[in-house]
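Q: First, the structure itself, so that you have it in front of you.
The values are calculated or read from the model by the stated rules, or taken from the named source; none is laboratory data. Remember, predicted model here, so these are calculated numbers, not experimental data. Cβ: placed from backbone, ideal geometry, glycine included. Neighbour counts: every protein chain shown.
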Amino acid sequence: MKAPAATPLAATPSAAAPADAGRRDFCGRASRLGAGLMLAMAVPAFGGRPAARASGGGPGAGAAGTAAPAELNAWLQIAPDDSITVIVDRSEMGQGVYTALPMLLAEELEVDFTTIRIIAAPVGDAYVNVGNGGQITGTSNSVTDAWVRLRTAGAQARTLLIAAAAAKWRIAPERCRAQRARIENDRGLSFSYGQLALAAAKLPLPKDVKLKSPSQYTLIGTSPRRLDTPGKVDGSAEFGLDVKLPGMLYAAIAQCPVLGGRPRSVDSRTAQAMHGVRRVLEVPGGVVVVAEHFWQALKARDALEIVWEEGANGTLDNAAIRALLDHASATAGLVAKQAGDPGAVIKSAAKKFSAVYELPMLAHATMEPLNCTADFHADRCDLYVGTQVQQLAQTAAAEAAGVPAARVNVVTTLLGGGFGRRLEVDFIPAAVLASKALGFPVKLIWTREDDMTHDYYRPPVREAIDAVLDDRGKLLAWQLHITSPSITARFDPTNKDPFDSVIEYVQNYPYEVPNFGLSFTRREIGIDVGYLRSVSHAPNCFAVESSLDELATAAAKNPLDFRLELLAAKPRHRNVLELAAERSGWGRPRSDRHLGLAFMEGYTSLVAQVAEIGFNGGKLQVHKITCVVDCGQMVNPRIVESQIESGIVFGLSAALWGGITVVAGRVQETNFNSYRLLRANEMPEVEVVLVPSDAPPGGIGELAVGPVAPAICNALFTATGRRVRSLPLSAHGLV
Amino acid sequence: MTLMTVNDRAIDVDAAPDTPLLWVLRDHLAMTGTKYGCGMALCGACTVHIDGAATRSCVLTLSAVAGKRVTTIEGLSADRSHAVQRAWIELDVPQCGYCQSGQIMSAAALLAIKPDPSDADIDAAMAGNLCRCGTYPRIRQAIHRAVQLLMSGRE
């Protein structure tokens with residue numbers, strides 16, 4: 001049995017908002033229910049959690065009575081009051097899926113997009129992202145995955161509504177058409193979708209529906225405002241950190257400062273005695289303090305006296321990590337891709353190009369630190385979490401709670417940034433264990449320092465390139481040997497593919513070269529590494545595009561012409577490069593400015609960037625990034641533009657300052673004063689050029705990150721003759 | 001008990017005097033629009049107005065705000081009608097949105113004292129608010145748009 005709600009938390013009743021009253025977010029309470037329940041739940045009735053819980057029991061058990069919405073498929077509910085709710089099965093972390101995915105469905109459904117309501121999908125088989133092999137938001141493929149699926153869902157629903165109307169009128173469906181959320185017939189009569197939804201939901205799903213051709217689009221390709229904006233300008237948007245449950249307690253966690261270490265002994269007497277503290281408990285990997293308020297939990301955590309078992313990493317530092325990779329790189333590695341015989345050509349060449357590029361570890365540094373709220377009951381657990389991996393979150397919580405996975409309801413909140421950090425579930429079990437131990441809902445919050453020093457960092461990578469030019473200065477052989485720890489081996493131990501995602505971008509190497517080689521040596525470093533926005537693309541693009549400029553110099557060619565020559569058979573690629581050159585003033589920079597170019601093909605999209613730099617007091621300054629993108633059909637061009645700007649800022653922070661420093665197994669960067677991110681006053685001008693296209697949509701969330709660093713470094717070389725082969729630029733004293 | 005005014009309401013809070021205002025707002029008053037980002041006044045996600053001035057609430061103790069007038073994002077307007085909020089909506093500024101309460105509070109405080117800011121004024125006022133999603137270009141545009149909205153309201 002649960003005890004009564006924790007003592008009222010201090011504010012006077014007249015002044016304090018009720019613990020649960022601040023919830024005005026558009027992504028409403030219906031999303032609080034678990035798999036199987038949610039689809040039966042009436043959206044207008046989702047006013048309170050207790051009611052929602054009482055309604056549990058399966059489809060049809062919703063509390064809405066006659067107002068129950070009809071579920072036309074896994075993504076769409078239409079209620080008798082004509083309200084239309086789209087279930088979005090990808091996590092909103094800024095990339096715009098709560099707008100772009102409903103747009104796909106609405107395009108075929110023929111409804112006013114601005115009236116659509118959104119709820120986050122529960123865990124469910126229908127919501128598996130085929131390309132990612134799970135219910136996963138990542139790899140920039142939310143739109144490409146949904147492109148056919150959600151338009152089909154919209155068209156199916158429209159077809160059902162037409163069939164239902166035709167049946168009521170006893171006329172052929174061909175005499176009906178869908179428009180503005182109504183089905184009209186040729187005698188001028190009409191029904192609203194709400195009037196038809198219940199009947200439509202009883203009809204069998206149509207198998208073959210015809211989707212609109214691009215010329216028929218009225219919504220796709222336009223830029224209606226994001227559906228999630230209003231709640232994000234008035235404070236009502238609910239992130240994981242904002243979840244409020246009756247009787248909820250707060251938790252802070254102490255983790256070993258040495259990565260991979262664990263507590264050896266814990267003296268919690270002082271902490272236990274502190275005001276508001278309810279419990280101190282050891283959990284795998286750390287010690288959790290639960291209190292009535294987070295500040296109390298935090299102070300008590302800092303009063304814990306813990307002797308740590310440091311484990312194997314107590315002497316690890318950046319130099320040791322680098323030495324591990326250097327040493328491992330001497331082994332040949334597994335060949336991932338090969339054309340011609342690059343080894344033989346390079347070996348026999350009189351003159352060859354060799355260079356090693358090195359990329360540091362990076363932290364995700366989402367603005368919202370990791371957090372999770374768990375509400376354990378006797379035989380089940382509700383989990384409120386900003387996650388990119390609903391199924392993995394469910395499994396992690398179930399294991400901690402000791403209940404079957406099906407007994408864990410995962411409620412996905414908005415994510416205050418993901419960037420791959422929320423593909424991990426390391427922060428979830430402690431919240432569940434605390435809730436189970438205390439018998440109350442517990443919100444566990446990592447501090448910024450916890451978040452920064454216990455990340456799954458972007459792996460450090462060593463990229464060695466050997467290349468040969470022919471006697472006309474054209475690329476004859478190019479090979480890359482990547483040495484890196486593996487992300488995939490830890491993230492998905494069932495994956496037996498020996499080639500880690502850290503090599504992915506080079507598998508799409510866009511340039512034509514008769515002798516091509518890509519090989520990979522895996523070398524673990526003792527620290528777990530993870531997926532970070534533009535996983536392989538940023539490190540690989542840095543090496544590829546830096547080497548291309550170095551080779552162009554060796555061939556005495558303009559870097560633009562050198563690339564165009566290697567893309568002779570690819571007009572779409574050439575167009576992007578040529579546009580970037582045109583828009584950036586390539587070949588005619590202003591007197592005190594210098595230009596550098598980089599290109600990338602990734603996520604089924606193309607991107608070219610030109611960095612315009614100058615110097616101020618000997619320090620490099622980025623003045624402008626011109627960025628041309630061809631990502632196929634755009635669903636919402638304004639969101640595409642935002643994401644490109646976003647990727648550029650992400651790439652700038654990494655290029656200029658990004659780097660994690662390990663000393664004695666401890667990460668030295670702890671907060672934004674030591675892990676520097678670009679600020680508003682440091683923002684260069686950005687010009688984004690989007691190429692119109694009706695090719696299938698490509699990804700955009702990670703696309704623009706990679707070319708930033710090589711474009712800047714190529715500009716630096718043009719300006720000074722100095723070639724920088726490792727990042728960040730701050731490590732070279734350049735910024 | 002500490003007495004202060006939050007969004008024009010007198011509030012009596014029973015919390016340790018060293019509790020940062022941020023956590024008082026979030027945990028005691030259930031006003032979660034103000035965000036935790038760093039705890040060291042480095043990121044600006046926790047920005048509120050204290051007697052009208054943009055202030056980082058994560059390093060401001062409850063005892064320091066006794067008798068002061070606190071405005072949070074929830075109190076900026078009742079209906080997203082503040083010019084800064086309108087401009088933010090018009091330009092679809094937020095991406096993940098987590099930092100935006102702080103951005104908006106900093107922008108609103110700027111316009112209250114500088115109704116016609118230059119780009120340099122904007123940079124100076126907004127340099128303390130980090131955005132990992134990189135909404136900076138739109139924030140700048142939106143502040144200029146808010147200026148227009150405010151000016152046209154005075155016509």
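Q: Exactly one condition in (1) under 17 Å from the mean Cα position of the chain (by Cα); (2) within 22 Å of A:S584 (Cα to Cα); (3) aliphatic (A, V, I, L, M) is false for A:V688; which is it?
A: Status for A:V688: all satisfied but (1).
Q: How about the stretch A:93-116: which of its residues are of a type in the set (A, V, I, L, M) and in a loop (DSSP other than H, G, I, E, B)?
A: A:M93, A:V111, A:I116 - these are the residues of the stretch A:93-116 that are of a type in the set (A, V, I, L, M) and in a loop (DSSP other than H, G, I, E, B).
Q: How many of the residues making up the stretch B:51-75 are closer than 16 Å to B:M31 by Cα and either in contact with a helix residue (DSSP H, G or I) (Cβ under 6 Å, 6 or more places away or on another chain) or not in a helix (DSSP H, G or I) (or both)?
A: Count: 9.
Q: How many residues does the stretch A:259-312 contain that are farther than 25 Å from B:W23 by Cβ and surrounded by 22 or more Cβ atoms within 10 Å (Cβ to Cβ)?
A: 1
Q: Could you figure out which of (1) touching a helix residue (DSSP H, G or I) at 6+ places or on another chain (Cβ under 7 Å); (2) farther than 30 Å from A:A554 by Cα isn't true of A:H377?
A: (1)
Q: Sticking with this structure for a sec: Among the residues of the stretch A:649-663, what is the count of those that are over 17 Å from A:Y457 (Cα atoms) and either more than 7 Å from every other protein chain (Cβ to nearest Cβ) or at pLDDT below 95 (or both)?
A: 2
Q: Now for a different question. Among (1) in a loop (DSSP other than H, G, I, E, B); (2) under 32 Å from the mean Cα position of the chain (by Cα); (3) over 28 Å from A:V258 (Cβ atoms), where does A:E463 come up short?
A: Failed condition: (1).
Q: Could I ask something else about it? On the basis of being under 22 Å from B:V147 (Cβ atoms), surrounded by fewer than 24 Cβ atoms within 10 Å (Cβ to Cβ) and out of contact with any helix residue (DSSP H, G or I) (no Cβ under 7 Å at 6 or more places or on another chain), does B:S81 make the cut?
A: For B:S81, the condition - under 22 Å from B:V147 (Cβ atoms), surrounded by fewer than 24 Cβ atoms within 10 Å (Cβ to Cβ) and out of contact with any helix residue (DSSP H, G or I) (no Cβ under 7 Å at 6 or more places or on another chain) - is met.
Q: A further question on this structure: Please work out which residue is farthest from the other protein chains (Cβ to nearest Cβ), limiting yourself to the stretch A:337-362 and to residues that are more than 28 Å from A:D471 (Cα to Cα) and touching a strand residue (DSSP E or B) at 6+ places or on another chain (Cβ under 6 Å).
A: Across the stretch A:337-362, the extreme among qualifying residues is A:E358.
Every residue, every condition in (1) facing chain A (nearest Cβ under 9 Å); (2) not acidic (D, E), yes or no:
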| residue | (1), (2) |
| --- | --- |
| B:P117 | no, yes |
| B:D121 | no, no |
| B:M126 | yes, yes |
| B:T135 | yes, yes |
| B:H144 | no, yes |
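Q: For B:P17, only one of the following conditions fails: (1) assigned to a loop (DSSP other than H, G, I, E, B); (2) more than 10 Å from chain A (Cβ to nearest Cβ); (3) buried (at least 19 other Cβ atoms within 10 Å of the Cβ). What is its number?
A: For B:P17, the exception is condition (3).
Q: Same structure, new question: Looking only at the stretch A:315-335, which residues are assigned to a loop (DSSP other than H, G, I, E, B) and free of Cβ contacts under 8 Å to residues at least 60 places away in the same chain?
A: A:A330
Q: Quick test of your reading of the structure: A:W478 fulfils all but one of (1) surrounded by fewer than 21 Cβ atoms within 10 Å (Cβ to Cβ); (2) in contact (Cβ under 8 Å) with a residue 40 or more places away in the chain; (3) of a type in the set (A, V, I, L, M, F, W, C). Name the failing condition by number.
A: Among (1) surrounded by fewer than 21 Cβ atoms within 10 Å (Cβ to Cβ); (2) in contact (Cβ under 8 Å) with a residue 40 or more places away in the chain; (3) of a type in the set (A, V, I, L, M, F, W, C), the lone unmet condition for A:W478 is (1).
Q: Then there's this: Taking strands (runs of 3 or more DSSP E) that fall entirely within the stretch A:223-288, which contain at least 1 residues that are at the interface with chain B (Cβ under 8 Å from one of its Cβ atoms)?
A: Passing ranges, in order: A:249-255.
Q: Another question, if that's okay. Could you tell me which residue of the stretch A:129-186 is farthest from A:M103 (Cα to Cα), considering only residues that are in a helix (DSSP H, G or I) and among the acidic types (D, E)?
A: A:E174
Q: Which residue is nearest to the other protein chains (Cβ to nearest Cβ), if the candidates are limited to the stretch A:441-456 and must be within 16 Å of A:V283 (Cβ to Cβ) and not acidic (D, E)?
A: By that ranking, first place goes to A:I445.
Q: Which of the residues belonging to the stretch B:34-52 are at the interface with chain A (Cβ under 10 Å from one of its Cβ atoms) and of a type in the set (V, I, T)?
A: B:T34
Q: Can you say whether A:E545 is of a type in the set (D, E, K, R) and part of a helix (DSSP H, G or I), as far as the supplied structure shows?
A: In short, yes.
Q: So, of the residues in the stretch A:519-549 that are under 27 Å from the mean Cα position of the chain (by Cα) and among the aliphatic types (A, V, I, L, M), which turns out to be farthest from A:S486 (Cα to Cα)?
A: Looking at the filtered set, the residue picked out is A:V544.
Q: Are any of the residues in the stretch A:303-314 within 13 Å of chain B (Cβ to nearest Cβ), in contact (Cβ under 8 Å) with a residue 12 or more places away in the chain, part of a loop (DSSP other than H, G, I, E, B) and over 22 Å from A:R422 (Cα atoms)?
A: Looking through the stretch A:303-314, none of the residues is within 13 Å of chain B (Cβ to nearest Cβ), in contact (Cβ under 8 Å) with a residue 12 or more places away in the chain, part of a loop (DSSP other than H, G, I, E, B) and over 22 Å from A:R422 (Cα atoms).
Let's see how each residue does on (1) touching a residue at least 60 places away in the same chain (Cβ under 8 Å); (2) within 20 Å of A:G701 (Cβ to Cβ); (3) surrounded by fewer than 16 Cβ atoms within 10 Å (Cβ to Cβ):
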residue	(1), (2), (3)
B:Q95	no, yes, no
B:Q103	no, no, no
B:A107	no, no, no
B:L111	no, no, no
B:L130	yes, yes, no
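Q: Looking at the stretch B:23-33, which of its residues are more than 7 Å from chain A (Cβ to nearest Cβ) and touching a strand residue (DSSP E or B) at 6+ places or on another chain (Cβ under 8 Å)?
A: Within the stretch B:23-33, B:V24, B:L25 meet the criteria.
Q: Given the residues B:S77, B:S81, B:S106, B:S101, which is the only one that is more than 9 Å from chain A (Cβ to nearest Cβ), under 13 Å from the mean Cα position of the chain (by Cα) and at pLDDT 95 or above?
A: B:S106
Okay, residues lined up against (1) surrounded by fewer than 23 Cβ atoms within 10 Å (Cβ to Cβ); (2) within 9 Å of chain B (Cβ to nearest Cβ):
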{"residue": "A:G665", "(1), (2)": "yes, no"}
{"residue": "A:T670", "(1), (2)": "yes, no"}
{"residue": "A:A680", "(1), (2)": "no, yes"}
{"residue": "A:E687", "(1), (2)": "yes, no"}
{"residue": "A:G698", "(1), (2)": "no, no"}
{"residue": "A:G701", "(1), (2)": "no, no"}
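Results for (1) more than 14 Å from chain B (Cβ to nearest Cβ); (2) surrounded by fewer than 24 Cβ atoms within 10 Å (Cβ to Cβ); (3) part of a helix (DSSP H, G or I), shown as yes or no for each residue.
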site: A:A397; (1), (2), (3): yes, no, yes
site: A:A406; (1), (2), (3): yes, yes, yes
site: A:V410; (1), (2), (3): yes, no, no
site: A:F419; (1), (2), (3): no, no, no
site: A:D426; (1), (2), (3): yes, yes, no
site: A:A430; (1), (2), (3): yes, no, yes
site: A:A434; (1), (2), (3): yes, no, yes
site: A:A437; (1), (2), (3): yes, yes, yes
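Q: Every residue in the stretch A:74-120 that is at positive phi and surrounded by fewer than 24 Cβ atoms within 10 Å (Cβ to Cβ), please.
A: A:D82, A:E110
Q: Report yes if some residue within the stretch A:637-649 is surrounded by fewer than 24 Cβ atoms within 10 Å (Cβ to Cβ) and touching a His at 6+ places or on another chain (Cβ under 9 Å); otherwise report no.
A: No, that holds for no residue.
Q: Follow-up. Read through the list (1) more than 9 Å from every other protein chain (Cβ to nearest Cβ); (2) crowded, with 18+ Cβ neighbours inside 10 Å; (3) in a helix (DSSP H, G or I), then give the number of the only condition that B:M4 fails.
A: That leaves (3) as the condition not met.
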